[in-house]
Amino acid sequence: MQRLTKVEEEIMQHIWDLERCTVRDILDRMGTPKPPHSTISSIVRILETKGFLDHKAYGRTYEYFPIILRKDYSKKSVRKLVSDYFDGSPKSLVSFLLKEEKIDLEELKKMVDDMDEDN
């Protein structure tokens, strides 16, 4: 799975949220100033080439849908983050987050308990 640029990832976030959409649907969700339709259309085609999307044609209108799940891309991104910035140690990442986010022991215990309930 290829990495996404910041702009590609932003567009994919919209597509993951919408599940099925046109370029117009993506533009409607974007803030102002809105980029040109042709720009978003080009990015969507790049995402399709990279294997993140597919489409169904309805005449001249294309409906796009993700073929890579957000969860799968998230896993890969976190693994890369751990590898690149935390010497491959998930423990170092968690330690960093606990310190930076100033999570106290009670919050940490609750998080662990919640994870135990999910499994």
**OP:** Go over the candidates THR32, THR61, THR39, THR49 one by one and state the one that is in contact (Cβ under 8 Å) with a residue 12 or more places away in the chain, of a type in the set (Ser, Thr, Tyr) and surrounded by fewer than 16 Cβ atoms within 10 Å (Cβ to Cβ).
**Re:** THR61
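For every residue, the table says whether it meets (1) of a type in the set (Val, Ile, Thr); (2) on the phi > 0 side of the Ramachandran plot.
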residue: LYS6; (1), (2): no, no
residue: THR22; (1), (2): yes, no
residue: THR32; (1), (2): yes, no
residue: HIS55; (1), (2): no, no
residue: TYR62; (1), (2): no, no
residue: PRO66; (1), (2): no, no
residue: ASP87; (1), (2): no, yes
residue: LYS102; (1), (2): no, yes
Original post:
Between a first residue in segment 66-83 that is outside the structural domain of GLY51 (by TED's automatic domain parsing) and a second residue that is polar (S, T, N, Q), which pairs have beta carbons less than 7 Å apart while being 6 or more apart in sequence or on different chains?
Top reply: VAL82/SER89
Original post:
Quick one: would you say SER95 is under 14 Å from LEU4 (Cα atoms), hydroxyl-bearing (Ser, Thr, Tyr) and without any contact (Cβ under 8 Å) to a residue 40 or more places away in the chain?
Top reply: no
Original post:
Residues in segment 14-28 that are surrounded by 14 or more Cβ atoms within 10 Å (Cβ to Cβ) and not aromatic (Phe, Trp, Tyr): how many?
Top reply: 9
Original post:
On the given criteria, is LEU4 surrounded by 13 or more Cβ atoms within 10 Å (Cβ to Cβ) and free of Cβ contacts under 8 Å to residues at least 60 places away in the same chain?
Top reply: no
Original post:
Do we find that ILE68 is farther than 28 Å from SER41 by Cα and of a type outside the set (Gly, Ala, Ser) in this structure?
Top reply: no
Subject >> For ILE103: the one exception among (1) surrounded by 11 or more Cβ atoms within 10 Å (Cβ to Cβ); (2) modelled with pLDDT of 85 or more >> reply: (2)
**OP:** Report, by residue number, each residue of segment 62-81 that is of a type in the set (Val, Ile, Thr) and modelled with pLDDT under 95.
**Re:** VAL78
Original post:
Checking GLN13 against (1) under 28 Å from PRO90 (Cα atoms); (2) of a type outside the set (A, V, I, L, M); (3) at pLDDT 95 or above; (4) touching a Phe, Trp or Tyr at 6+ places or on another chain (Cβ under 9 Å), which single condition isn't satisfied?
Top reply: (4)
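The values are calculated or read from the model by the stated rules, or taken from the named source; none is laboratory data. Predicted, not measured: the structure shown is a model, and the values here were computed from it. Reconstructed Cβ throughout: ideal geometry from the backbone, glycine too, with neighbour counts over all protein chains shown.
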